[in-house]
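Down below is the structure, laid out as structure tokens.
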Amino acid sequence: MTKQDENHPKPSLAQQDALKRLDQVEEEKRKPYKKKKEPVNFRSIIMTLLLILILGLMIGNYFVH
């Protein structure tokens, strides 16, 4: 043991429990600010592809006639 370890006695069970609870509270406070991964929305992908297809057909018809 070093001299610093002797100056800081081991925390009691109550202190350990309080520190654990403090960590839990801090984690809960950070939860709303964490970035959430959103699942892939297949409907928006299909709608985008459909829009591209329609625009492609419209532009294609414009140059054909």
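The values are calculated or read from the model by the stated rules, or taken from the named source; none is laboratory data. In this text, all values refer to a predicted model and were calculated from it rather than measured experimentally. No Cβ is skipped: glycine too gets one built from the backbone with ideal geometry, and neighbour counts run over all protein chains shown. Heads up: the accessible areas ignore ligands, DNA and RNA and are worked out on the full protein's heavy atoms, side chains in. Shrake-Rupley method; radii C 1.70, N 1.55, O 1.52, S 1.80 Å.
Annotations
- Nearest-ten-degree value, helix 13-30 long axis tilted from longest Cα axis of the chain: 20
- Kirkwood-Stokes translational diffusion coefficient of the chain, alpha-carbon pairs, 4 °C, 1.567 mPa s, µm²/s: 71
- Average accessible area per residue (Å²) across the chain - probe 1.4 Å, nucleic acids and ligands excluded: 110
- Size of charge dipole - the chain - debye, nearest 20, with Cβ of Lys, Arg +1 and Asp, Glu -1, no other charges: 160
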